[in-house]
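Written out below as structure tokens is the structure these notes cover.
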Amino acid sequence: MVGSPFNGRWACYAHAGGERNATFKLFFCFPPLDGDPTVGCYGEGHMGGSTWRERLGAWKEILRTNKLVEQADSLNAEYVVDFDMEEVEKSLRKEVVEKASDTNGGRALWISKRWWRYRPKLPYTYFLSKLDCSGVAAVVFSEDLKRAYVTMKEGFPLEYIVDIPLDPYLFEIISSSGVEVDLLQKKNIHYLLKPIGSVDERQSMYKEVVLGGDVWDLLDELMSYMKNPMQYYEKEVAFVRGVLLSGPPGTGKTLFARTLAKESGMPFVFASGAEFTDSEKSGAARINEIFSIARRNAPSFVFVDEVDAIAGRHARKDPRRRATFEALLSQLDGEKEKVGVDRFSLRQAVIFICATNRPDELDLEFVRPGRIDRRLYIGLPDAKQRIRIFGVHSAGKKFADDVDFGKLVFRTVGYSGAEIRNLVNEAAIMSKQMKQWDDVKA
Ligand SMILES: Nc1ncnc2c1ncn2[C@@H]1O[C@H](COP(=O)(O)OP(=O)(O)OP(=O)(O)O)[C@@H](O)[C@H]1O
Ligand SMILES: [Mg+2]
């Protein structure tokens, strides 16, 4: 231990020296009394296999016998303990690894599959106070121990990122509050997200879907909300909760949702209305399950395709379907959520998207604003869009010299995307067969 002036006071260095079984020395410098800076207290001892904690304990003990504890612990302490940070880090790592073995890496694996880009940062002091009031369920440390991924027991958002300083006392606080601890290894990280770029970039990500500008505008709006739902939450602005995509069959509604799931990098729960009517499991339970998954992963999307199967007008007549329908309504309203205080806000960060080609058959109660706030009609593609759809589906295929999509467009008025795809495909099949016939003839 080395004594040195520190902020005008004298500091006691609990210098670790690194080696186990090392002889260690205690040297306390009292504040200069009567202008005599040399007054000091000197101690020497041998501590077999001591950790910094034990040495700190011993040090405190000496302080206690010298009646100096208050001076070391209080805010206006006369003495400052300076830790050997390398040793503190080593011991923190050791403790985290030991504790993490209880979870078998399960929690870290779970964390690594999450979309942390969308999680807000929590200041370290708030994190400590959350630990103090047992609000934290799990802490997963990053490999370099500089960051922790924290899952709260409840509230919104449920997950935060905390930048942690090398705090010697952190682990004690964590283990005394009974939190699940795990260590994240880099090799576990599955989702290295692409940053969300400009509008043009985003459209190029979705280049296989050809849709009107209003769809992309809505997507922009949704994504900017999803990036930071807190900004709406803080201002108490309720964002769009439900979006209905409607339009003739084969215009790309399902394709849009699938691409959104793939490209947005957001948690996405995908279901089809027909799934809820089979007899395996009650539809209402499945609806509740889907929404609870989405909420736990908020901000997230829930997509229900062919929603008319559960929210059609006829759904009310059949008692089982009615239960499913009512579960859907109450999930959209967020009323039955049992979590408590934050139920409304939790609800906000889950965006419900549904698609149907029979919008007029939907129950009016379902489509009212507050449940479905936006309706987007995806119509048949116009001439320009048809040319682009031809382009998408004929990519990588060889063409005869006289094929001109500009001309074909006039012969495909009223075609949907699916029909154009089919046309290109049929042409490919025919060309293959014709080649076979030519081969046979030759
Ligand atoms: N706008 C589009 N751009 C590119 N391809 C499209 C487009 N619309 C449809 N297609 C092609 O047609 C296929 C079927 O489309 P999709 O399943 O998305 O239609 P849908 O609107 O969901 O129809 P339905 O209402 O019958 O469910 C897609 O997989 C895609 O290959
Ligand atoms: Mg569809």
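The values are calculated or read from the model by the stated rules, or taken from the named source; none is laboratory data. Keep in mind it's a predicted model, so treat the numbers as computed, not measured. When we count neighbours, we look across all protein chains shown, and the Cβ atoms used for this are built from the backbone with ideal geometry, even at glycine. Note: areas computed on protein heavy atoms with side chains; ligands, DNA, RNA excluded. Shrake-Rupley method; radii C 1.70, N 1.55, O 1.52, S 1.80 Å.
Computed values, structure above
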item: Residue that is farthest from ligand 2 (Cβ to nearest atom) [pool: residues in segment 258-276 that are surrounded by fewer than 18 Cβ atoms within 10 Å (Cβ to Cβ) and not in a helix (DSSP H, G or I)]; result: Phe270
item: Sole residue being within 10 Å of ligand 1 (Cβ to nearest atom), of a type in the set (S, T, N, Q) and free of Cβ contacts under 8 Å to residues at least 60 places away in the same chain, chosen from Asn422, Asn357; result: Asn422
item: Test: residue in segment 292-304 that is within 16 Å of ligand 1 (Cβ to nearest atom) and either touching a Leu at 6+ places or on another chain (Cβ under 6 Å) or assigned to a loop (DSSP other than H, G, I, E, B) (or both); result: no
item: Count of residues meeting criterion [free of Cβ contacts under 8 Å to residues at least 12 places away in the same chain and over 22 Å from Ala323 (Cβ atoms)] in segment 259-288; result: 1
item: Residues satisfying the stated conditions in segment 293-317, i.e. charged (D, E, K, R), on the phi < 0 side of the Ramachandran plot and at pLDDT 80 or above; result: Arg295, Asp305, Asp308, Arg313, Lys317
item: Every residue from segment 347-376 that is open to solvent by less than 10 Å² (accessible area, probe 1.4 Å) and of a type in the set (S, T, N, Q); result: Thr356
item: Residues within segment 117-146 that are among the small types (Gly, Ala, Ser) and in a helix (DSSP H, G or I), tallied; result: 1
item: Test: residue in segment 426-441 that is surrounded by 17 or more Cβ atoms within 10 Å (Cβ to Cβ), modelled with pLDDT of 90 or more and not β-branched (Val, Ile, Thr); result: no
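For every residue, the table says whether it meets (1) at pLDDT below 85; (2) more than 16 Å from ligand 2 (Cβ to nearest atom); (3) under 24 Å from Tyr377 (Cα atoms).
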| residue | (1), (2), (3) |
| --- | --- |
| Met226 | yes, yes, yes |
| Tyr232 | yes, yes, no |
| Leu244 | no, no, yes |
| Phe256 | no, no, yes |
| Glu280 | yes, yes, no |
| Gly283 | yes, yes, no |
